[in-house]
Amino acid sequence: MPARPALPLDESAGPVAVLGAAARLLPALPAVVGGYVLLALVALVSQDAANLLSFPVNAYAVTAAYRELGGDPADGNSVGVRVLVALVAGLVTGAVVLLGVVVLVVPGVYLLVRLRLVVASVMVEDTGPLEALGRSLALTRSHFWTVLGVGLAPLAVILVVTLAAALAAGALPPTGSPDLAAVRGALRVGGAVATVVADPVAVTANAVLFALYEEDTAGGEPPTAA
């Protein structure tokens, strides 16, 4: 069992507090920030390559953030093996969420929120793909709205930046049809900015959420920092 970190928050913390705690970690995690800058640059060239690269970047970010919080991940499989397991777990999660969307949109969104901590479970506790899904469901059981709020943060950044880029490029004229090429360019810019600005905070927040909720599911009181 990995050692759990001490946090100045408890499991009742809302999304703003969780995101604030995550943002305060980033100055001590320059490699995490650099990883997302690299990911944004790759995305401008190839979104498919960026999607593949996002798995190891996210896995490293959540592990580094958990360590920075004072946690000690389990020392079973190597980091490389865990990243591969996280990739498989991410694919399984995507399939489950897609099924929920196909059946009805609301179950897909619900599952997307409840399964947010799958990668964190793999990297911190060295779980298998299916075990990680169950672990994430257990961790987020009573915290749906907080996890949803944390997940909406990068989407809000994408929306604001994309709209600003589209207006600046004249993609959305007051009259007439939108310039589709300019709109696509604005989407790329919005995604790149969100990758650099919002994603490091959002993924680091997963480590904060995991650290908060693992105590809750263990039936103990979350420790507080001195």
Output the 0 to 90 degree angle, nearest 10, between the alpha-carbon long axis of helix 129-139 and the longest principal axis computed from the alpha carbons of the chain.
80
Helix 79-103 sits off the longest principal axis of the Cα atoms of the chain, rounded to the nearest 10 on a 0 to 90 degree scale, by 60
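To the nearest 0.05, how large is the calculated FRET efficiency for Ser78 and Leu44 if R₀ is 45 Å and r is the Cβ-Cβ distance?
So, using R0 = 45 Å, E works out to roughly 0.90.
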Could you list which residues have their amide H under 5 Å from that of Leu7, counting only those 5 or more apart in sequence or on another chain, with H placed in the peptide plane?
Thr224, Ala225
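Tally Lys and Arg at +1 and Asp and Glu at -1 over the other residues with C-beta under 13 Å from the C-beta of Gly76: what net charge comes out? All intermediate terms of the calculation are to be shown ahead of the outcome.
Numbers: positive: Arg82; negative: Asp72, Asp75, Glu125, Asp126, Glu131.
Surrounding charge for Gly76 is -4.
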Each label sits 7 Å from Cα toward the beta-carbon; between Ala31 and Val109 the label points are separated, in nm, by 3.8
Cβ-based net charge around Pro129, under 13 Å, with every Lys or Arg adding one and every Asp or Glu removing one:
-1
Computed over the chain: longest principal axis from alpha-carbon atoms vs helix 180-197 long axis, angle to nearest 10 degrees, is 30
Where in segment 178-197 does the label zone of Val101 land, with the point 7 angstrom along Cα→C-beta and an amide N cut-off under 16 Å?
none
Specify the inter-centroid distance of segment 1-69 and segment 95-123, based on alpha-carbon positions, in whole Å.
20
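Coordinate-derived values only; no laboratory data. These figures come from a predicted structure and were not determined experimentally. With ideal geometry, Cβ positions are generated from the backbone for all residues, glycine too; neighbour counts draw on all protein chains shown.
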